[in-house]
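The values are calculated or read from the model by the stated rules, or taken from the named source; none is laboratory data. Only a predicted model underlies this, so the values are computations on that prediction, with no experimental measurement involved. Note that each Cβ is placed from the backbone with ideal geometry, even for glycine, and that neighbours are counted across all protein chains shown. We work out accessible area using only protein heavy atoms, side chains counted, and drop any ligands, DNA or RNA first. Shrake-Rupley method; radii C 1.70, N 1.55, O 1.52, S 1.80 Å.
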Amino acid sequence: MSEVSFKNLIKVKESLDTCFKCSLCKGNCPVSEQIFWATFSPRGKMLILRSLLRGQGTLTDRVRDSLYTCTLCGNCDNTCIAGISVTDVLAAGRRDLYEARKAPESVNSLISTIKESGNVFDLTKEDMDILGLNPRMKFSENADLLFFKGCYATYHSIPNESTMRSFNLLKTLNVDFTILEAEECCGSPAYLLGDMDTTKRFCEYNVSKIEETGASRVVTACPGCYRVLKQVYPQLVGTLNFEVIHITELLAEYIDEDRLVFKKTGNDKLDVLYHDPCELGRHCGVYDAPRKILESIPEIHLEEFDKNRDEAKCCGGGGGLTISNPNLANQIAQLRLQEAEEKNIPTVVTACPACQLNFSASKDKYNMKVKILDINQLVGSVKGL
Amino acid sequence: MDVIILSPLENVIIEKLAEIVGEQFISTDDADLVSYSSDFMIDVFLKPDVVILPENTPQIAAIVKLANENSIAITPRGAGTATHGGSIAQGGILLDLTRMNKIKELDPISMIATVEPGVVYEDLNRITGKSGLWFPIEPPSGAVCTAGGMVGNNASGLMALKYGTTKDYVLALEVVLADGSIIKTGKSVLKSSSGYDLVHLFVGSEGTLGIITEITLRLIPKPMHLSTAFASFPSLNGLNDAMNAIYEIRRVLTPAGIELIDLQTQKAINEVEKEKLVPEVEILVIFEIHEFSAAGLEDQKDLIEGVARKHNCNEIHWAKDDEERDRMWKARKAATVVSVRSRTSTLLGDLIVPIKHVPAIIRFIQEVAREKDLLISIVGHAADGNIHYLIPFNQNESKKAFDAGDAIVYKTIELGGSITAEHGVGLEKIKYMELEHGESLSLMRAIKKILDPKGIMNPGKIFPAEKQ
């Protein structure tokens, strides 16, 4: 026990002590739907951490597996009738394990990659230039709006060119924007996996680079980047000199201002289900903007998952689960997609490249028919735009 | 009930248990033992020696047989949402039954479902709901609690007034007895007068007589029209006003549920939820009504409103839609914990008295709180006499908290009530069993001795420790 200081857990001791162990948090937990062991339920994790903090437990590998087998989706927080943030406690536990070099090897390896390459995919600058950007694209030098690309949206293995679609969309709407020439990882993966030093390093770097541009607004298409920029950066470096918005919020603004209008094309209606990404929805409260966009498209008929908005189930791709347990991440996604198939709705739209990536991997793995679309992809393909 | 608990279990036994269920579903890792070391609310943390997740009845039979041969304690557990420590194991084998979560048969014609014990209450109702059917217990833990746990505890919930408790729906059971034999008792029929009612011997037995491995449940049609109201009784005499209204309403109709929340709890709910979920008045009553026609629902609303106003209810607000109704029940469900956040431990009571004595027992609890300088919150299923009181305390207040709990229980017995209406006896209520049951406790012991001669089935629960 002396190997781990638990200095982060001590900060959330009140939450651990306040937990009445009712286990209602298990009700909407994506991991508990897949794993029967109470050890992997939110209450099990709380009990383990409480026992460690009180010096009554043993730090076995199973503790590490339990803590990192979690998407940090926040459904437990949302369900807690005592108002406890379970995810804050779990994040603190992860930090203590990581700082004591007790995190899983897959986690250490990913963080090393991010530290060295500045992105989650271990890409060199040359790789990034080839994969991520159209070199002929020109950006404004004095734009008030900066587009933060994010690794997942720009470089992930599905060739859906999310960032290029965002660029094209902004260009189509005559938005004057710029980018960081040497953008580094936002720090979200390090933050979720427990490495606050690395998170802070990326935060300080990106904040200084953004401030150098003079942009007053930063827009991103990645909810992971969005949450860290908006919520975590101010905790690490104080109030920011720029506003952070998600691209769906920008598009919703444009719809409100009649600067983005979708015309009727006469095509058949497409039924879609909107999946609320945890980082965008539950963690940042952005539920209406994506729905406003979808409802504004005449050819779209928006349906809802049974669990939506603050109760939306996780896609399985959050909290580093795709790193620590990719099979489980895919199984969680499969359960979410099954609902679309049961409802006979052919398309699931999300506003998160990580959700899209995990959903797509699961769809391929389980041979599902449902189509997965990023909201930018959908908007960009609407002929009436 | 001398139980030999091998602690730690000999490796050879662990190996045999692993052969039965597979390595993946057995663990002695401390993280796993800790995860099963407690229940809702109770301030007790005890570890089993081994946790096992069986998949089917033959596996359980083999495990129990092995345990019996080696005098090893076995504690069955569902979701662990009970409040009195009934599914906590001090050493021995803890059987987590959540893996056995199949609905084996749903017969919409006979309106019967046969399920494994690990089926989650709300999952079952999601499936039966497709046929318009319902298992109507509605425990506040319904999103996670299991059918097996509900039967083992004879759970009830927010709608017991109209729909009764779990026992009213259990038609048949499959049980693995302490020697590893498997019995089936009861039939998938609505009535039987054939011999002793063994089904209801096992219902509420908290795993002390055997492991329930299959449950056949009666279902009922789910009403289409529901409504919920907050009724405020603001005067200092609000308790009497509310109960007089409830007595009068009960004589002419049976609402699905009638809940009562005291002022202290109302304030705590609003404080924790950071929004005014409930009005703050002397006594708040929640009425839940169910009907099969919209007109019938309106008739019930009119009647309740008329009677409530006659008894000085100054405001009765019916939910405008499902969303508001959900918010109302969210407030009631939160009531169990919000009022106790300021202390490190809590004593949760589950008494039931004849309905006419509800005002007397509530006043008595309030007197005890004043006398002992404790904050005691009161919520309850007012119309069936089941009152929950919560005594939050810090360690330096534990003696007076437990003294207060004792005093309330003694008063409950004096008023002709029972020490637990729906939570079970577990570890916490054992000390009151003799007081409540007197001589009939000996008969309970005798039954236990016949079915479990070595005392391996969930030892230390329900009965006081035997004198050596």
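Of note:
- Any chance A:GLY224 is on the phi > 0 side of the Ramachandran plot and either open to solvent by 10 Å² or more (accessible area, probe 1.4 Å) or not aromatic (Phe, Trp, Tyr) (or both): no
- Some residue of the stretch A:17-29 being without any contact (Cβ under 8 Å) to a residue 12 or more places away in the chain, over 20 Å from A:ALA333 (Cβ atoms) and not assigned by TED's automatic domain parsing to the domain that holds A:CYS352: no
- Of the listed requirements (1) open to solvent by 10 Å² or more (accessible area, probe 1.4 Å); (2) out of contact with any Asp or Glu (no Cβ under 6 Å at 6 or more places or on another chain); (3) part of a strand (DSSP E or B), B:ILE289 misses just one: (1).
- Scanning the stretch B:53-74 for residues that are part of a helix (DSSP H, G or I), of a type in the set (D, E, K, R) and either within 26 Å of A:ILE35 (Cα to Cα) or open to solvent by less than 20 Å² (accessible area, probe 1.4 Å) (or both) gives no hits.
- Any hit, the stretch B:394-414, residues being outside any strand (DSSP E or B), under 30 Å from B:LEU253 (Cβ atoms) and at pLDDT 95 or above: yes
Residue-wise test of (1) facing chain B (nearest Cβ under 8 Å); (2) more than 21 Å from B:VAL50 (Cα to Cα).
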site: A:GLY27; (1), (2): yes, yes
site: A:VAL31; (1), (2): no, yes
site: A:ILE35; (1), (2): no, no
site: A:LEU52; (1), (2): no, no
site: A:LEU59; (1), (2): no, no
site: A:SER66; (1), (2): yes, no
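- Taking the listed residues B:VAL278, B:VAL272, B:VAL337, the one that is at pLDDT below 95 and not in a helix (DSSP H, G or I) is B:VAL278, with no other qualifying.
- Within the stretch B:300-312, residues that are assigned by TED's automatic domain parsing to the domain that holds B:ILE246 and assigned to a helix (DSSP H, G or I) sit with their Cβ atoms under 7 Å from residues that are crowded, with 17+ Cβ neighbours inside 10 Å and among the charged types (D, E, K, R), at 6+ positions apart or across chains, in these pairs: B:GLN300/B:GLU291.
- The number of residues in the stretch A:286-319 being among the hydroxyl-bearing types (Ser, Thr, Tyr) and either within 18 Å of A:PHE262 (Cα to Cα) or open to solvent by less than 30 Å² (accessible area, probe 1.4 Å) (or both) comes to 1.
- In the stretch A:333-347, the residues that are buried (at least 24 other Cβ atoms within 10 Å of the Cβ) and either in contact (Cβ under 8 Å) with a residue 40 or more places away in the chain or basic (Lys, Arg) (or both): A:ARG336, A:ALA340
- For B:ASP179, the test of being in contact with a helix residue (DSSP H, G or I) (Cβ under 9 Å, 6 or more places away or on another chain), among the charged types (D, E, K, R), not in a helix (DSSP H, G or I) and not assigned by TED's automatic domain parsing to the domain that holds B:ILE316 is passed.
- Residue match in the stretch B:177-189 (condition: within 14 Å of another protein chain (Cβ to nearest Cβ) and either touching a Pro at 6+ places or on another chain (Cβ under 9 Å) or open to solvent by less than 30 Å² (accessible area, probe 1.4 Å) (or both)): no
- Among the residues of the stretch B:75-112, those identified as within 14 Å of chain A (Cβ to nearest Cβ), among the aliphatic types (A, V, I, L, M) and in a strand (DSSP E or B) are B:LEU94, B:LEU95.
- Assessment of the stretch B:313-321 against the conditions (open to solvent by 60 Å² or more (accessible area, probe 1.4 Å), of a type in the set (S, T, N, Q), touching a strand residue (DSSP E or B) at 6+ places or on another chain (Cβ under 8 Å) and farther than 21 Å from B:ILE378 by Cα) yields at least one matching residue.
- Residue ranges of strands (runs of 3 or more DSSP E) in the stretch A:242-311 with at least 1 members in the same structural domain as A:VAL348 (by TED's automatic domain parsing) and among the charged types (D, E, K, R): A:270-275, A:300-304
- Some residue of the stretch B:48-71 being in contact with a Cys (Cβ under 8 Å, 6 or more places away or on another chain), within 11 Å of chain A (Cβ to nearest Cβ) and touching a residue at least 12 places away in the same chain (Cβ under 8 Å): no
- Checking each residue in the stretch A:136-163 for being under 24 Å from A:THR350 (Cα atoms), of a type in the set (A, V, I, L, M, F, W, C) and surrounded by fewer than 18 Cβ atoms within 10 Å (Cβ to Cβ) picks out only A:ILE158.
This table checks each residue for (1) touching a residue at least 24 places away in the same chain (Cβ under 8 Å); (2) surrounded by 24 or more Cβ atoms within 10 Å (Cβ to Cβ); (3) under 22 Å from the mean Cα position of the chain (by Cα).
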residue	(1), (2), (3)
B:PRO359	yes, no, no
B:SER377	yes, yes, yes
B:ALA382	yes, yes, yes
B:GLN395	yes, no, no
B:SER398	yes, no, no
B:SER418	yes, no, yes
B:GLU422	yes, yes, yes
B:SER442	no, no, no
B:LYS454	yes, no, no
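- Residue in the stretch A:30-47 that is nearest to B:SER345 (Cα to Cα), counting only those that are without any contact (Cβ under 8 Å) to a residue 40 or more places away in the chain and in a helix (DSSP H, G or I): A:LEU47
- The single residue among B:LYS429, B:LYS454 that is closer than 28 Å to B:LEU161 by Cβ and of a type in the set (D, E, K, R) turns out to be B:LYS429.
- Scanning the stretch A:13-25 for residues that are closer than 18 Å to A:LYS313 by Cα and within 7 Å of chain B (Cβ to nearest Cβ) yields a count of 2.
- Filter result (buried (at least 20 other Cβ atoms within 10 Å of the Cβ) and part of a loop (DSSP other than H, G, I, E, B)) within the stretch A:350-369: A:ALA351, A:CYS352
- The set of residues in the stretch A:244-266 that are modelled with pLDDT of 95 or more and surrounded by 13 or more Cβ atoms within 10 Å (Cβ to Cβ) comprises A:VAL244, A:ILE245, A:HIS246, A:ILE247, A:THR248, A:GLU249, A:LEU250, A:LEU251, A:ALA252, A:GLU253, A:TYR254, A:ILE255.
- Residue tally, condition more than 22 Å from B:GLU122 (Cα to Cα) and open to solvent by less than 20 Å² (accessible area, probe 1.4 Å), over the stretch B:212-243: 10
- Residue that is farthest from the chain's Cα centre (by Cα), among those in the stretch B:19-47 that are facing chain A (nearest Cβ under 10 Å) and in a helix (DSSP H, G or I): B:GLN24
- Residue tally, condition more than 14 Å from chain A (Cβ to nearest Cβ) and under 24 Å from B:MET433 (Cβ atoms), over the stretch B:324-361: 11
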